[in-house]
Every structure is written in C-alpha cells, then in structure tokens.
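Undergrad: Sharing a structure here in structure tokens format.
The values are calculated or read from the model by the stated rules, or taken from the named source; none is laboratory data. None of these values were measured; they are calculated from a predicted model. All Cβ positions, glycine included, derive from the backbone under ideal geometry; neighbour counts span all protein chains shown. These area figures cover heavy atoms from the full protein model, side chains too; ligands, DNA and RNA do not enter into them. Shrake-Rupley method; radii C 1.70, N 1.55, O 1.52, S 1.80 Å.
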Amino acid sequence: MQRVDGALTLDYNARLTLSHAVEDALQRGRADVLQCQAVVYRGRWYWLDERVARVSVRSWRLSFQPLTASWRVSMGGLSQSYTTLAEALHR
C-alpha cells in the first residue's frame with residue numbers, strides 16, 4: 001500500500017488453485033465469478049481500530065470459450081483471452 005497524491009493505492013497478488021470439479025465445470029461451459037474486497041484499518045491503542053479506506057467489491061468473470069478453445073477473463077466491459085487456464089488465473 002502506498003499514498004499517491006493524497007490517495008491510497010493498494011496492489012495485491014493472489015494465487016488461485018481450482019479444484020478438479022470446478023475446473024471440469026468451467027470446461028463444460030459454466031462461468032465463474034471471482035470477487036475481491038479490501039478494507040484498510042489503522043490500529044489504535046486507545047479504542048477500536050479506525051477504518052481508513054474500503055474498496056467496493058471488484059468482480060472478474062472466468063469462462064471457457066469452446067469454439068476458440070480459449071479462456072476469457074472479463075471485468076466490466078473489458079475482456080482478455082488466454083490459451084490456457086493457468087495463464088488466465090495468473091493475470
């Protein structure tokens with residue numbers, strides 16, 4: 001986390017491991033939605049921790065496109081295609 005021009009910027013990395021059943025369901029055409037939410041607290045010794053910032057939920061949609069044999073990751077109106085599931089999860 002860093003402060004840039006008076007605003008907090010949070011960068012994160014997440015490693016996802018899908019179970020065999022979830023991976024199989026994705027390959028059969030079921031799309032999955034991944035969600036992330038961040039809340040930043042400042043610790044205080046004299047009272048409850050103070051909430052400094054909260055980011056609304058961000059959602060990504062992961063799906064398999066059988067006609068092109070590619071994986072698609074979408075967020076809002078933007079999407080990107082990948083050749084393997086590992087690449088799609090890594091991005």
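Undergrad: Express the carbon and sulfur contribution to the solvent-accessible surface of the chain as a percent, rounded to the nearest whole number, probe 1.4 angstrom. Don't skip to the answer; put the middle values down first.
TA: Numbers: 3770 of 7570 Å².
Answer for the chain: carbon and sulfur cover 50 percent of the accessible area.
Undergrad: When the C-alpha atoms of the stretch 13-91 are aligned to their principal axes, what extent does each axis show, in angstrom, from largest down?
TA: 59, 28, 18
Undergrad: Of the trypsin sites (Lys or Arg not before Pro) in the stretch 20-78, which ones lie in a loop per DSSP and count no more than 12 other C-beta atoms within 10 Å? Write out the running numbers ahead of the final one.
TA: Values: sites: R28, R30, R42, R44, R51, R54, R58, R61, R72; in loops: R28, R30, R44.
Answer by residue number: R28, R30, R44.
Undergrad: Using the beta-carbon distance between D49 and V22 and R0 = 41 Å, what value does 1/(1 + (r/R0)^6) give for FRET efficiency, to the nearest 0.05?
TA: On the way: r = 35 Å, r/R0 = 0.84.
Once the sixth-power term is evaluated, E becomes 0.75.
Undergrad: Sticking with this one: Calculate how large, on average over all directions, the projected area of the Cα convex hull of the stretch 1-55 is; give the answer in nm² to one decimal. Don't skip to the end; give the middle numbers.
TA: Numbers: hull surface 25.1 nm².
Answer in nm², one decimal: 6.3.
Undergrad: Same structure, new question: What accessible area per residue, rounded to a whole number of Å², is obtained for the chain using a probe radius of 1.4 Å? Let's see the in-between values first.
TA: On the way: 7570 Å² over 91 residues.
Counting only protein heavy atoms, the per-residue value for the chain is 83 Å².
Undergrad: GNM on the chain, C-alpha springs below 10 Å: top fluctuator among S59, S81, S19?
TA: S19
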